[in-house]
Each structure stands twice: as structure tokens, then as C-alpha cells.
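Here, each number is a calculation from the coordinates, and none is a lab measurement. None of these values were measured; they are calculated from a predicted model. Cβ atoms come from the backbone with ideal geometry, glycine included; neighbour counts cover every protein chain shown.
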């Protein structure tokens, strides 16, 4: 009988010892870079890439032969630059993103997430004709497109 009471007491202590702050409810996801593809002749119209391949130097493909008008790609939080290669099936575009990664404290239970400050974009324009903007002050979320790519 004493063992049961001890076991029940121990279970009760474990269950009630968690505080509200011990659960991460803010979803502190490090943001991705969100890109949308537009028609170069009609800058307002979305235009899918028919055969999109996306990969980073020395990494596996993130997208392989997909048809899409938007993508999101991760940035390397341990470096200050990430280089991606975009192919439309016929030619390859190099897209370079430079930035300053910074940790942002979310909460005790969630920990930290990365944000990116002073973001700059450069590209050799082969099948990608243009893109905007060329700089961003910060990337703190991936709720909306950061860069518009015209092809």
C-alpha cells in the first residue's frame, strides 16, 4: 500500500511540476527565403517555371524538375553567404545571397531562432532576366515572398 501511495505521489509531482513556459507554443522557426516567379513581359503576372531544378554547391537538389511559381529555400545560418543554382532545364543561373545571421531569443522553452540582417542578392542573368529587390533589411519570417524573380 505504501508503494502505491509513493508511486501515485511521484506521478502527481511529475505531472504538476511542468510550468506553462515549459511548452513551446510560439513555433520559433528560422525563416526560409521565399521566391516568387513572374513573367518578364508582364511584371504583375505569376509565371511557373516548367522544369525547375534548385541546388546549393555541394548539396543535393532541393527541387528537381518541378513546375512551380514559388519556392522557399533555407539559408546557411553558420555562414554569411549561400549560393544557389537555378536551372530551367536548359540553362543555369547562379543566385548568391549574402547576409549577417543573428540569433533571436524566443523564450525559455522555445530557445532561439535565426534571423538574417543586411540581406543582399546577386545573380548572373541567363534565363532569369531580373529580380527585385536586390537588398532587404531583414528576414524574420517566411509568411510572404521576399524576392520576385522575372523570367
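Place a point 7 Å from Cα of residue 90 in the direction of its Cβ. Which residues in the range 111-131 have their backbone N less than 14 Å from it? Residues 126-129 fall inside that zone. For the range 39-116, the alpha-carbon radius of gyration amounts to 1.38 times the rule-of-thumb value 2.2 N^0.38 Å expected for a compact globular protein.
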